[in-house]
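As C-alpha cells, the structure follows; a few thoughts come after it.
The values are calculated or read from the model by the stated rules, or taken from the named source; none is laboratory data. The shown structure was predicted, so the numbers you read here are calculated from the model rather than taken from an experiment. In this analysis, Cβ positions are derived from the backbone assuming ideal geometry, glycine residues included, and neighbour counts consider all displayed protein chains.
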Amino acid sequence: MPANSRIRYQIDTLPGADHQDLVLEQAGPREQIFFHPENTTAAIVTCGGLCPGLNNVVRSIFYELKHNYRVPRILGIQNGYAGLNPAQGRPPLQLTDEDVVEIHKLGGVILGTSRGPQDAEVAVKFLHRENIDILFCVGGDGTLRGAHAISQEIARQGLKISVAGVPKTIDNDIPFVYRTFGFSTALEEAQQALRCAHAEANSTVNGVGLVKLMGRHAGFITAYAALANQDANFVLVPEIDFPLGGPGGLLVSLQQRLERRNHAVIAVAEGAGQHLFDSDHDHLNASGNPKFHDIGPFLKLQIERHFHEQGIPISVKYIDPSYLIRSVPANTQDRLLSNQMARLAVHAAMSGNTDVLIGHWNNRFVHVPIGTAVRTNKCMEVEGDLWTSILLSTGQPRWPATLQS
C-alpha cells in the first residue's frame, strides 16, 4: 500500500462543515519497512481487564511477525506493564508456535494482565536492555496512555523503538475506532442476561429484571444489547443523568409500567446514575480511572423501598454478568476483527510508525496518533439514531441529556 494513502475524517461535504480537510493515514503493509526483520525483536504486552479476543490478537501478531516478516525473536511480556519493571514483574517469555497455536479458542489471555502504570523511564530502560525494537500494547484507554508515555520517553532518549497500540475495550469507547474487538461478543452475552431477566420478571407478580452491564463512560453495550434483545423497558446509560424520583422519574415510570404490564426489565450501564450518589468520585483505580459507585445494588434498593412505601408487592431479580461477558472466547466477528487489527499493527510498526494505534474510520482501518485518541472518550450521540431507536423500542421517558459525546 502506498505510504501516502489517506482516508477522509469527514465524508460529508456540507457547506461550512468542520474538518473537511482532515485526513487519516490508511493502515496496511508498506513497500518499504524500517526494521531489518532478521535483527528485530518484538514484544507484546496486554493490560487492563479481560476482553474476548485478547488471545486472538497475541496469536495473530506472533504469526504475522514470524511467517510474513520472518522476525526470529518475539517476546510475551507477562502480567501487563508490571512486566516492563524488573522490580515487580516476571521475566518475558520467548513465544513459540506451541505457546500460541491453540490460544485463539480460549477466553482470557495467556500473557496475563494487570492494571496500573509503570514509570516510563524504567520501562524504556527494560526495552533497551532486552534489545526490544517493537512493543505492541494491547489495551484500553489506560493502556494507551501508558503506551503514549513510553513513546514520549523513547523519543526523549533518541531510541529507535516503535510502539504500536491495538485498542481493546468491550465498552467500545475509544475515539477513531468504530468498533473495538470484543464488543460483538459482549453484546451476545449481554443479550442472554437480558433474556434471563425477562424470563424471571415475566414469571412473577410485579416482576422486575434488573441487569447491570459494563460501560463506564459510554452506554454502547447497554444500548445495543437492549436494542437487539427488545425485552428491556428502561435503558440507563452514563450519557443521561436520569431522574430517580418525582413525576416522570424512573420509579414512577416503572410503577406505571407494572400497572400496565405486570413486569419490566431494566438495563443499566455501570457508569449510569452516578449523579444519584452523595459523594463525587474522589478515588482512582489502578488504571487511573475514577472508582464508580455501584449503581446496580443501589437501584435495586431504591426500587424495593419505593414500592414498599406504596404498599405494592414487587419481586426484583438482579443480574450482574460482567465477568462472564468479558472472559468468554471471541465470537466469529471479533475473531476476524482482532486478527485484522493485530496484523495491521505489525505492518505499522515494521514500517517505522510509532506512538500509533490501529483505528477504524469510515469503514477503513487507519493509523491514529495515540496522543490524539487518549484525549477524550467516545460516547453515544443521544440525539442520534441509536438513542432514538432505544426510546422507540422501550417507550421510556425522553430524559434530557446532560453529557455530550
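Mind checking which residues of segment 72-86 are under 15 Å from E130 (Cα atoms) and either part of a loop (DSSP other than H, G, I, E, B) or not assigned by TED's automatic domain parsing to the domain that holds I61 (or both)?
Listed by number, the residues that qualify are P72, I77, Q78, N85, P86.
Say we look at segment 357-379 and pick out the residues that are farther than 16 Å from A345 by Cα and touching a helix residue (DSSP H, G or I) at 6+ places or on another chain (Cβ under 6 Å); which of these is surrounded by the fewest Cβ atoms within 10 Å (Cβ to Cβ)? Outline the logic, then answer.
Going residue by residue through segment 357-379, those that are farther than 16 Å from A345 by Cα are 362-363, 371-372, 374-379.
Those still in the list that are touching a helix residue (DSSP H, G or I) at 6+ places or on another chain (Cβ under 6 Å) too: 371, 374.
Values: G371: 16, V374: 22.
For segment 357-379, the residue satisfying everything is G371.
Please state which of the following conditions Y81 fails to meet, knowing it meets all the rest: (1) at pLDDT below 95; (2) hydroxyl-bearing (S, T, Y); (3) in contact with a strand residue (DSSP E or B) (Cβ under 8 Å, 6 or more places away or on another chain).
Condition (1) is where Y81 drops out.
Quick check: is even one residue across segment 96-105 surrounded by 24 or more Cβ atoms within 10 Å (Cβ to Cβ) and either among the aliphatic types (A, V, I, L, M) or free of Cβ contacts under 8 Å to residues at least 12 places away in the same chain (or both)?
Narrowing segment 96-105 to residues surrounded by 24 or more Cβ atoms within 10 Å (Cβ to Cβ): none.
The answer is no, given that none of the residues of segment 96-105 is surrounded by 24 or more Cβ atoms within 10 Å (Cβ to Cβ) and either among the aliphatic types (A, V, I, L, M) or free of Cβ contacts under 8 Å to residues at least 12 places away in the same chain (or both).
Please verify whether V163 is at pLDDT 95 or above and outside any helix (DSSP H, G or I), treating the condition exactly as stated. Outline the logic, then answer.
Values: at pLDDT 95 or above: yes; outside any helix (DSSP H, G or I): yes.
Yes; evaluated as a whole, the condition is true for this residue.
In the set G116, G165, which member is under 27 Å from P329 (Cβ atoms), within 24 Å of the chain's Cα centre (by Cα) and surrounded by fewer than 18 Cβ atoms within 10 Å (Cβ to Cβ)?
On the way: G165 fails: surrounded by fewer than 18 Cβ atoms within 10 Å (Cβ to Cβ).
On inspection, the qualifying residue turns out to be G116.
Do you know which residues across segment 203-229 are among the polar types (S, T, N, Q) and more than 18 Å from P321 (Cβ to Cβ)? Don't jump to the end; show me each part of the working.
Applying the first criterion (among the polar types (S, T, N, Q)) to segment 203-229 yields 203-204, 206, 222, 229.
If the condition is that a residue be among the polar types (S, T, N, Q) and more than 18 Å from P321 (Cβ to Cβ), then S203, T204, N206 are the ones that fit.
Which residues, counting only those in segment 35-89, are in contact with a Gly (Cβ under 8 Å, 6 or more places away or on another chain), of a type in the set (A, V, I, L, M) and closer than 29 Å to N331 by Cβ?
Taking segment 35-89 as the starting set, the residues that turn out to be in contact with a Gly (Cβ under 8 Å, 6 or more places away or on another chain) are 35, 43-55, 58, 77-83, 89.
Still in the list and also of a type in the set (A, V, I, L, M): 43-45, 50, 54, 58, 77, 82.
The answer is A43, I44, V45, L50, L54, V58, I77.
Considering A349, A342, which residue is more than 26 Å from V237 (Cα to Cα), surrounded by 19 or more Cβ atoms within 10 Å (Cβ to Cβ), under 16 Å from the mean Cα position of the chain (by Cα) and at pLDDT 95 or above? Please lay out each step first, then the result.
Numbers: A349 fails: under 16 Å from the mean Cα position of the chain (by Cα).
None of the other options fit; the residue is A342.
Pick from L392, L337: which is surrounded by fewer than 16 Cβ atoms within 10 Å (Cβ to Cβ), in a helix (DSSP H, G or I) and of a type outside the set (S, T, Y)? Steps first, answer last, please.
Details: L337 fails: surrounded by fewer than 16 Cβ atoms within 10 Å (Cβ to Cβ).
The match here is L392.
Listed residues G359, G296; which is out of contact with any Gly (no Cβ under 9 Å at 6 or more places or on another chain), under 30 Å from Q255 (Cβ atoms) and at pLDDT 90 or above?
Numbers: G359 fails: under 30 Å from Q255 (Cβ atoms).
The conditions single out G296.
Would you tally the residues in segment 41-54 being buried (at least 24 other Cβ atoms within 10 Å of the Cβ) and over 13 Å from C137 (Cα atoms)?
Going through segment 41-54 one residue at a time, the tally reaches 3.
Residue check, I221 against (1) under 11 Å from the mean Cα position of the chain (by Cα); (2) surrounded by 24 or more Cβ atoms within 10 Å (Cβ to Cβ); (3) outside the structural domain of W387 (by TED's automatic domain parsing), all met but one. Which one?
The failed condition is (3).
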